[in-house]
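Enquirer: One structure follows; several queries about it will come next.
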Protein chains: 2
Amino acid sequence: MHILITGASGMIGRKLTAALVAKGSLQDQPITGLTLVDITAPVLPDGVPGAALAADLSDAAAAPALIDARPDVIFHLAAIVSGEAEADLHKGYAVNLHGTLALCDAITRQEDYRPRFVFASSIAVFGAPLPDVIPDDQPTLPLTSYGTQKAMGEMLISDLSRRGALDGIALRLPTICIRPGKPNAAASGFYSSILREPLVGDPAVLPVPDTTRHWFASPRAAVGFLIHAAEMDLTPLGQNRALSLPGVDATVGDEIAALERIAGPKAVALIRREPDATIAKIVAGWPQAFDPARARALGFEAEPDMDAIIRAHIEDELDGRIPVAD
Amino acid sequence: MHILITGASGMIGRKLTAALVAKGSLQDQPITGLTLVDITAPVLPDGVPGAALAADLSDAAAAPALIDARPDVIFHLAAIVSGEAEADLHKGYAVNLHGTLALCDAITRQEDYRPRFVFASSIAVFGAPLPDVIPDDQPTLPLTSYGTQKAMGEMLISDLSRRGALDGIALRLPTICIRPGKPNAAASGFYSSILREPLVGDPAVLPVPDTTRHWFASPRAAVGFLIHAAEMDLTPLGQNRALSLPGVDATVGDEIAALERIAGPKAVALIRREPDATIAKIVAGWPQAFDPARARALGFEAEPDMDAIIRAHIEDELDGRIPVAD
């Protein structure tokens, strides 16, 4: 079992790598090779057979070099994030669209080769106007270049799967929460930071009303989705290989209530409300909740509620401790 | 007014060129330049200022060379047809997707340039299961590589229009009927040939049941759609620049009844029923009818019925004569 992970230096890429190494096998076959690639060279865990490569997927030579080794499973996570893809038109298309096209093109040029291809798509393929709860047959009408590039990738993967050129699936990941690490400039950053910072005793800024509703999964759930997608039989998906995933439907108020239950009022007091009309407007166009019936029937599982999302973060990032409550 | 037409050697490209030359202006501005391009050099009508070029849009150098002249309006009709795009995976993606991407990329690299971009999409962006009458918000789930490539082009054009990089519209043309010329190998060919051949006294083969329903517009209506799309204000389209177009919803039986009304029973007797299970299966996955409310509200108009489609063919292709009735 040879596995290729693009975007392996990213947060999900690193967690997926660690989970695969811990598991030791995929599709009941021992992992004999792990190729990790990103724009900056990833770190290959000690004792794991494989390679860690720095490569730019928008470089035409990169994809054939990766695919010539004929990995059995490809996790294609590499992407320019939403904000940057909007700010830099050409860079976003180069990586998010042409990078995916180049990988798929290299696959179709191999003989007798049909790898499992797990593509990280996004709920950004949907844009307003949207129903409060988005059904599985909602049309993809993105309102960002990032969402457009992901939606185009979904269509490519459905077409090449239908043709038998690869065995692909596109996972529309919920917004990841709690995203570990430092606060960043992403418009969605507050969803994580209003939990992450108070848990360790630091202040956090909330720029939107408590009634703002969104769709979340933990990093742990995201890794679980990716591994499940790599192992399951994809035949039941039929011709449409893109899947909206389970998540937790929560308002900002629900997030804060869960934080209070788990870490107490001292944590909640660290959240400072600073309304920001620009962020509120961006967020208003985002999906609020999904009815991901297809994914649930196919065995994809997220956390049951925001409390479980916070507990996963405490276990995975804080060694089981809650510093603000110490 | 400088106009660029890709795919200008094709049937619609030639008719569009003739219509523009006859009209002499576009958007109320005199046509001062007409650049025609196709894989084989098109014919530039006598006395028209411009150029006729042979170019392969899948060649990376082709698009910048065309766009450097900064045409005001671009009709992007060039495409590998459905059957060939399915038979030759790489050729279909090279022309239908990468050709469109390259044209758009060249446009976005110009400074202070926002051309009108009219893209010939197709009802092949939809695939079974479909409702009997397809609404404007039907999700695009193509079942062919051709449909996939067109659907990806639609998304690109909506995104670049939203960003102000071009002012684009994607027209999902109905099946063109009566397509002039010789019978060809397309699965849809019989829709035209059961009318075209009998009108001139030649036999035609009908491979599907009379109850088979589909969505049609004449070549004349298609040219009208393209010119209307080049002249209208596109602002009312909002973020979704792809449009299903008006057409005639007709069964094969309706076609035959219209033929009998116009050309008599002698014409109908030339249709020979030879059921073909393969063609019937392909056709069963195609759209039957649309409710193109958005396009109608925006002033797009097709023929009222199959009789009008046949009459348009007699006027435009047969000099007003009906040879079988002579």
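Enquirer: Between A:GLN29, A:GLN239, A:GLN138, find the one with the highest GNM mean-square fluctuation for chain A; connect C-alpha pairs within less than 10 Å.
Expert: A:GLN29
Enquirer: Still on this structure: For every other residue with a beta carbon closer than 14 angstrom to the beta carbon of A:GLU274, add +1 if it is Lys or Arg and -1 if Asp or Glu, then tell me the sum. Display every interim value, and only then the final one.
Expert: Values: positive: A:ARG272, A:ARG273; negative: A:GLU197, A:ASP210, A:ASP276.
So the environment of A:GLU274 carries a net charge of -1.
Enquirer: Of the listed pairs B:LYS150/B:LYS182; B:LYS182/B:LYS266; A:LYS91/B:LYS15; A:LYS182/A:LYS281; A:LYS150/B:LYS23; A:LYS23/A:LYS150, which have alpha-carbon separations greater than 31 Å here? Could the numbers behind the result be given before it?
Expert: Working: B:LYS150/B:LYS182 26 Å; B:LYS182/B:LYS266 21 Å; A:LYS91/B:LYS15 39 Å; A:LYS182/A:LYS281 24 Å; A:LYS150/B:LYS23 41 Å; A:LYS23/A:LYS150 29 Å.
Over 31 Å apart, Cα to Cα: A:LYS91/B:LYS15; A:LYS150/B:LYS23.
Enquirer: Which whole-number percent gives the relative contact order of chain A, counting Cα pairs below 8 Å spaced six or more residues apart? Before the final figure, lay out the partial values.
Expert: Numbers: 656 pairs, mean separation 56.1, N = 326.
The normalised contact order for chain A reaches 17 percent.
Enquirer: Using the 7 Å Cα-to-Cβ label point, sort the distances from A:ALA69 to its equivalents in the other copies shortest first and give them in nm to one decimal.
Expert: When each copy's label point is compared with this one, the spacings are 4.8 nm.
Enquirer: Follow-up question, since we're still on this one. Can you compute the FRET efficiency between B:ASP59 and B:ALA269 using 1/(1 + (r/R0)^6), with r the Cβ-Cβ distance and R0 = 51 Å? Round to the nearest 0.05.
Expert: Approximately 0.55, to the nearest 0.05.
Enquirer: I'd like the FRET efficiency for B:ALA19 and A:ARG213, computed as 1/(1 + (r/R0)^6) with the beta carbon distance as r and R0 of 56 Å, rounded to 0.05.
Expert: 0.65
Enquirer: Going toward the positive end of the dipole of the protein assembly as shown, with +1 on Lys and Arg Cβ and -1 on Asp and Glu Cβ, which of B:MET232, A:SER9, A:GLY127 do you reach last?
Expert: Projecting each Cα onto the dipole axis, the largest value belongs to A:SER9.
Enquirer: Next question. Could you calculate the FRET efficiency of B:ASP132 with A:GLN239 from 1/(1 + (r/R0)^6), where r is the beta carbon distance between them and R0 is 22 Å, rounded to 0.05?
Expert: On the way: r = 20 Å, r/R0 = 0.90.
With R0 = 22 Å, the Cβ-Cβ based efficiency is 0.65.
Enquirer: For chain B, with a Gaussian network of springs between Cα atoms less than 10 Å apart, report the residue from B:ALA65, B:ALA312, B:ALA267 with the top mean-square fluctuation.
Expert: Between B:ALA65, B:ALA312, B:ALA267, it is B:ALA65 that shows the largest mean-square fluctuation.
Enquirer: At 7 Å along Cα-to-Cβ for each site, give me the label-to-label distance between A:ASN184 and B:ASP202 in nm.
Expert: Each label point is offset 7 Å from its Cα along the Cβ direction, giving 6.2 nm.
Enquirer: At 222 nm, what value in deg cm²/dmol follows for chain A if DSSP H runs of at least 4 each add -39500 (n - 2.57) and the sum is divided by all its residues, to the nearest 500?
Expert: Values: 13 runs with 121 residues, N = 326.
After summing the helix terms and dividing by residue count, I get -10500 deg cm²/dmol.
Enquirer: Please give, to one decimal in nm, the separation of the simple spin-label points placed at A:THR278 and A:VAL81, each 7 Å out from Cα toward the Cβ.
Expert: Each label point is offset 7 Å from its Cα along the Cβ direction, giving 1.6 nm.
Enquirer: Rounded to the nearest 5, what is the percent of antiparallel bridges among the DSSP beta bridges in chain B?
Expert: Roughly 15 percent of the beta bridges in chain B run antiparallel, per DSSP.
Enquirer: At 7 Å along the Cα-to-beta-carbon direction for both B:VAL48 and B:ARG296, put a label point, then send me their distance in nm to one decimal.
Expert: It works out to 3.3 nm between the two label points.
Enquirer: Put the label 7 Å from Cα along Cα→Cβ for A:ALA54; what are its distances to the other copies, in nanometres, shortest first?
Expert: Listed shortest first, these distances are 4.6 nm.
Enquirer: Return the percentage of antiparallel bridges among DSSP beta bridges fully within the stretch B:1-144, rounded to the nearest 5 %. Don't skip to the answer; put the middle values down first.
Expert: Details: 2 of 20 bridges.
For the stretch B:1-144, the DSSP antiparallel bridge percentage is about 10.
Enquirer: Hey, for B:GLY238 with labels 7 Å out along Cα-Cβ, what do the inter-copy distances come to in nm, ordered shortest first?
Expert: 2.7
Laboratory data are not the source of any read-out in this text; all were calculated from the coordinates shown. Please read all numbers here as calculations on a predicted model, not as lab measurements. Every residue, glycine among them, receives a Cβ derived from its backbone with ideal geometry; neighbour counts consider all protein chains shown.
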